[in-house]
Every structure is written in C-alpha cells, then in structure tokens.
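The values are calculated or read from the model by the stated rules, or taken from the named source; none is laboratory data. Because the structure is a prediction, the values reported are computed rather than measured. All Cβ positions, even for glycine, are placed from backbone atoms using ideal geometry, and neighbour counts span all protein chains on display. Only protein heavy atoms, including side chains, enter the accessible area calculation; ligands, DNA and RNA are left aside. Shrake-Rupley method; radii C 1.70, N 1.55, O 1.52, S 1.80 Å.
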Amino acid sequence: QVQLVESGGGLVQAGDSLRLSCAASGRSFSSYTMAWFRQAPGNERDFVAVIGWGGEYYADSVKGRFTISRDNAKNTVYLQMNSLKPEDTAVYYCAADMVYFSSDRAKYHYWGQGTQVTVSS
C-alpha cells in the first residue's frame with residue numbers, strides 16, 4: 001500500500017517555473033514506477049511524465065520544459081516545470097505502481113489527491 005501527497009501547485013504567470021513534489025508513504029518506494037498526470041476541466045487525465053527503471057519519458061507537450069526526478073532516500077518524486085504556458089493549467093496528480101514504465105493511467109493503482117496549477121497569460 002502506498003499513500004501519495006502532492007504539493008507545490010499554485011498560480012503563476014506564463015513563462016514562470018514551479019516545482020511539484022509528491023511524498024510517498026509505505027515501503028519499497030524505490031521499486032515503484034512514479035508518474036505525473038494532469039487533468040484540465042472537461043478533459044481526461046493525461047500523461048505528463050514517468051520515471052522508473054527504464055529511465056524517464058515525457059509527453060510531447062512538455063518535453064524540454066518539464067523534468068521528473070526522484071529522491072528515494074526521501075520517498076519523494078518531483079516535477080520541475082519551466083516555461084509554463086496557460087495550456088499547462090490543470091490539476092496535477094502523482095501516481096505509483098509496480099509497472100514497467102507506463103504512460104497508461106489504467107496501469108496505476110495508487111494516486112494522490114492532486115494539486116492545482118494555474119498559469120495566467
């Protein structure tokens with residue numbers, strides 16, 4: 001069982017940066033593939049980034065602007081978001097599971113409550 005708590009969201013202007021954090025409780029954090037998804041109003045929950053044994057992988061919409069990382073000693077995964085755009089506005093969710101490097105939200109059983117990111121133009 002893993003519990004996830006996101007933090008770091010907020011209201012920023014276009015071009016600004018934010019760093020989201022996701023703190024995990026439970027054992028064997030280093031064994032979990034960790035991912036970020038986001039959901040804008042009226043949209044489905046979309047893949048953003050994943051980090052696991054296969055390395056890192058990003059959605060095309062954030063590639064070059066966002067960086068996912070993890071600190072296994074702190075049981076925490078991060079999402080550094082640079083050059084933010086209004087279209088990045090969404091609730092950002094952290095997800096975890098023992099899957100191999102998936103961008104499919106159906107593969108993840110453990111989810112955080114989400115943190116709101118709003119980017120004004």
Highest first, please rank the peptides 50-57, 2-9, 38-45 by the mean number of other Cβ atoms sitting within 10 Å of their residues. 2-9, 50-57, 38-45
For the chain, what are Rg and Dmax over the alpha carbons, in angstrom? 13.2, 41
Mind checking which of 108, 92, 100 has the largest fluctuation in a GNM of the chain, springs on alpha carbons under 10 Å? 100
Does a label point 7 Å from the Cα of residue 118, set along Cα-to-beta-carbon, have any residues of the stretch 52-92 with amide nitrogen under 19 Å, and which are they? 84-92
Straight-line reach from residue 107: which aspartates and glutamates have a Cα under 19 Å away, not including same-chain ones fewer than 8 places off? 44, 46, 56, 97
For residue 89, the accessible surface traced by a 1.4 Å probe with all protein chains present amounts, in square angstrom to the nearest 10, to 40 Å²
How many Å² of accessible area per residue for the chain, probe 1.4 Å? 52 Å²
Leaving out ligands, DNA and RNA, what percent of the accessible area of the chain is carbon and sulfur, probe 1.4 Å? 45 percent
Considering the dipole of the stretch 44-120 built from charges on the beta carbon (Lys and Arg +1, Asp and Glu -1) around the Cα centre, which of 108, 61, 51 is farthest to its positive end? 51
With each label point set 7 Å from Cα along the Cα-Cβ vector, what nm distance links residue 106 and residue 82? 3.6 nm
Dipole magnitude (debye, nearest 20) for the chain, charges at Cβ of Lys, Arg, Asp, Glu: 220 debye
